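Below: the structure, in structure tokens.
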Amino acid sequence: MRRKTGRLLRGLALLSTLALGATACGGSDDSSEQKQVSAGDIQAALEKGGTVSVWAWEPTLKTVAADFEKKYPKVKINLVSERSGDKHYTALSNAISAGKGVPDVAQVEYFALGQYSLTKGLTDLSSYGADKLASKYTPGPWNAVSDGKAVYGLPMDSGPMALFYNKKVFDKYKIAVPTTWDEYVEAARKLHKADPKLYIAADAGDAGLTTSLLWQAGSRPYKVDGTKVKIDFSDAGAKKYTDTWQKLIDEKLVAPIYGWTDDWYKGLGDGTIATLPSGAWMPANFVTGVKNASGDWRAAPMPAWTKGDKASTENGGSSLALPALGKNKELAYAFVEYANAGDGVQTRVKQGAFPATTAELKSTEFQNTKFDYFGGQEANKIFAESAANVASDWSYLPFQQYANSIFNDTVGKAYVSGTKLTDALKSWQDASVKYGEEQGFTVEK
Amino acid sequence: MSTPVTTTSPAPPAKAAGAPTSTPRLRTPRRHSPGRPKRSVLLTVLTSLVVLYTVVPLIWLVINATKTQSGLADSSGLWFAHDFALWDNIRDTFTYHDGIFGRWLLNTAMYVVLGAGGATLLAVLGGYALAKFDFFGKRGVFAVVIGAVAVPGTALAVPTFLMFSKMGLTDTPWAVIIPSLVSPFGLYLMWVFATEAIPTELLEAARIDGAGEVRTFFQVALPLLAPGLVTVLLFTTVATWNNYFLPLIMLKDSDWYPLTLGLSAWNSQAETIGGDVIYNLVITGSLITILPLIAAFLLLQKYWQSGLAAGSVKE
């Protein structure tokens, strides 16, 4: 039921964004010749004061907003929304297409940025000086917010991936931590044989995980050049992924549990799910969601596709962007820069957020942080190394939100019926191509 | 959940149900009298299944509201965990995030009083007028009302949003209250009910005695309409109390959330990077959320039961 509603909402959200795209193209041409805003302009705006409305669910922003108001007493940050994902984008797209009630700042995940930037829904921040911040960030997130010239948001956090594993379970059955995906499959067999109730991972079909693993395997299924799009899941990287994951699915070595559900949290707690390839932000969710397994889990580098290869990948992560229809642009930008490039970064890292800035990732304080949850492990070292090894040439579709929403109808079949993963990806590709064409993209197959 | 099937208690034996066990002395076959309705095994089994289907989630809710977050992960869904944290959970539900749950409860109450109350009032006035007065276009109104019953609210949500946005009403309580005021089904129900429950002769008598239309309505018609009114009130209350999609689209500021939206926001925190996982509070909050509805049903039971039965027997 929840999934259905989600799908419906995503559909609606997309419909309204694209409807906006059609109207936006006709009306406002002034966005292309944006005036340059100097640091002096921003300073003047901060002294004059005003209100900035921010739609973001990232929990540490509350403190950041309070600090910002303390520093600039005339500015009020109006932080709204406790919701994330679909509902957030529905509300944002609705507001944009209605042309009213659009926030000055919005949190937008990397995979969804393309959709808003393509329809000219976001302000290009390079005229505010954001293009000079490129060197502050790791390549993965920066590549996600910028297309080389324009900058559509500042990276808030990042999700270099690591393999979280339940050490207690691994020790009990004397299984070595896998360093390659082939070893991973071996470990999965060994574990499931030792106790049929245990699975190496939970995967019932998750678009985010699949795209991340394709990314790591060197596959580049999406190529985007303005409104020209190419979708192809048949390269060598994709084959590495499908070959391996097909074994896991065929031999029923992955638990059919959807991520982020209570079952999932339960499985992570009781050992049913023995590993979790996920983003470096996961520890915070372990601490609040899987309290009872504290001390059982550890982090390890992502298994490699070929032995010795260090290539890593990203999962999740979001930026703060300025919707084109928002007001108080100077103030809004000042806040975004404070939160994601200035003092706010430290505040957020202290509260458990995972940074996208190289300075924080390299700092000894950050690297030496001991995670009580992981039995005192200095896990940030693993995450920081992963962040440095992410290939930056990945891109998502300009309608990735829609593509992800049909993932379970297409690729999901590989998990529930005998459909081969390769065929399932092909049907995802076909459905995405069809949708892209309907939306007026030039799709090369 | 596999429990419902296996734990179904066997239906009471049909013998005890009044089938003749004595020797068949009388030739006339014994018909079941209205006082002792005939029992059917099949029906009993089916009803038991339905009862289980309805009650099990409720039991699950009550049991799990007593668990802490880690207790939820450790224990089986249908039995208690080692810790009993119901009181802590209730306290935490009302204090989490500066007590925003209390605010959501008050918001919901306000939406129900103004939205459902207003909808009932409009339905009663409209239903009475349609049933007892002849005017031009009555058939047209009938067609529109019946048509409106068939349109799901979800389909109208986005157009309504765009309209309200143009009027500058989104993100205010009015965006939830005003659409709630319209209840085509309530109007239809009151119309049918008023036709049956108010003898036209009575109204004529009142008019002959010199009562004005307003007085006739309030003193003669309204008491007769009471059971129907309560039924409509219950329907609209439940609809407004449970309303999710409309506030979801209309509201952004969590200060104006109703309970449904607030709980869903708490639930989705678990899906957020770095978000606080508070399933225990979501469950306890859900339990607290349904209590007023259960109370409303129990308190108004006798009214709406007579209301639903009205018109079924011709005097």
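The values are calculated or read from the model by the stated rules, or taken from the named source; none is laboratory data. All figures in this text were calculated on a predicted structure; none of them were measured in a lab. So basically every Cβ, Gly included, is an ideal-geometry build from the backbone, and we count neighbours across all protein chains shown. Side chains are part of the model used for accessible areas, which takes the heavy atoms of the whole protein and leaves out ligands, DNA and RNA. Shrake-Rupley method; radii C 1.70, N 1.55, O 1.52, S 1.80 Å.
Once the Cα atoms of segment A:44-106 are picked out, what are the Rg and Dmax in Å?
When restricted to Cα atoms, segment A:44-106 yields Rg and Dmax of 12.9, 37 Å.
Just the Kirkwood number for chain A, please: inverse of mean 1/r across all distinct Cα pairs, in Å, one decimal.
By the Kirkwood definition, the hydrodynamic radius is 22.6 Å.
Report the charge-dipole magnitude of chain A in Debye, nearest 20, computed about the Cα centre from +1 at each Lys and Arg Cβ and -1 at each Asp and Glu Cβ.
In total the dipole reaches around 780 debye.
What is the sum of charges, Lys and Arg at +1 and Asp and Glu at -1, for the other residues whose Cβ falls under 15 Å from the Cβ of A:Lys190?
Residues close to A:Lys190 contribute a combined charge of +1.
Could you provide, to the nearest whole Å², the per residue accessible area of the protein assembly as shown with probe 1.4 Å?
47
Would you tally the net charge around B:Asp83, using a Cβ to Cβ cut-off of less than 10 Å, leaving B:Asp83 out, and scoring K and R as +1, D and E as -1?
For residues surrounding B:Asp83, the net value is -1.
Rounded to two decimals, what is the ratio between the C-alpha radius of gyration of the protein assembly as shown and 2.2 N^0.38 Å?
Ratio of Cα Rg to 2.2 N^0.38 Å: 1.11.
On a C-alpha basis, how far is the centre of segment A:163-242 from the centre of segment A:402-440 in Å? Whole number, if you could?
The distance from the Cα centre of segment A:163-242 to that of segment A:402-440 comes to 18 Å.
Within straight cross-link reach of A:Lys240, meaning Cα distance under 13 Å, which aspartates and glutamates are found once same-chain residues fewer than 8 apart are removed?
Partners within reach: A:Asp182.
Could you put A:Arg348, B:Arg215, B:Arg207 in order of accessible surface area, largest first, with the 1.4 Å probe and the full protein assembly present?
Solvent-accessible surface, decreasing: B:Arg215, B:Arg207, A:Arg348.
Restricting to bridges with both residues inside the protein assembly as shown, how much of the DSSP beta-bridge set is antiparallel, in percent to the nearest 5?
For the protein assembly as shown, the DSSP antiparallel bridge percentage is about 60.
Tell me the label-point distance for the pair A:Tyr258, A:Lys74, using the 7 Å Cα-to-Cβ offset, in nm and rounded to one decimal.
5.0
Roll a 1.4 angstrom probe over the protein heavy atoms and tell me the percent of accessible area of the protein assembly as shown that is carbon or sulfur.
Exposed carbon and sulfur together represent 61 percent of the surface.
Too long at a 24 Å Cα-Cα cut-off: which of A:Lys190/A:Lys307; A:Lys193/A:Lys381; A:Lys266/A:Lys350; A:Lys167/A:Lys420?
Cα-Cα > 24 Å for A:Lys193/A:Lys381; A:Lys266/A:Lys350; A:Lys167/A:Lys420; rest within.
Looking at chain A, do any whole DSSP H helices span at least 30 angstrom along their long axis by alpha carbon and average -0.5 or above on Kyte-Doolittle, and which?
A:2-27
Which net charge results for the neighbourhood of A:Asn340, defined as the other residues with beta-carbon distances under 13 angstrom from its beta-carbon, given Lys and Arg at +1 and Asp and Glu at -1?
Around A:Asn340, the charge tally is -3.
Which percent, nearest 5, of DSSP beta bridges in chain A are antiparallel?
The antiparallel fraction comes to roughly 60 percent.
Mind jotting down the three principal axis lengths of segment A:55-141 based on Cα atoms? Whole angstrom, largest first.
Projected onto its principal axes, the Cα set of segment A:55-141 covers 34, 30, 22 Å.
Residues in segment A:379-419, backbone N under 16 Å from the label point at A:Asp225 (7 Å along the Cα-to-beta-carbon vector): list them, ranges by number please.
Under 16 Å, as judged by backbone N against the label point of A:Asp225, lie A:395, A:398 of segment A:379-419.
Kirkwood Rh over Cα pairs of segment B:52-111 into Stokes-Einstein at 37 °C, 0.692 mPa s: D in µm²/s?
It comes out at roughly 254 µm²/s.
Return the distance in nm (one decimal) between the two label points of a simple spin-label model at B:Met163 and B:Thr195, each offset 7 Å from Cα along Cα→Cβ.
In this crude label model, B:Met163 to B:Thr195 measures out at 2.7 nm.
When you look at the Cβ of every residue in A:282-291, what mean number of other chain Cβ atoms sits within 10 Å?
Partner-chain Cβ atoms within 10 Å, mean over residues of A:282-291: 5.
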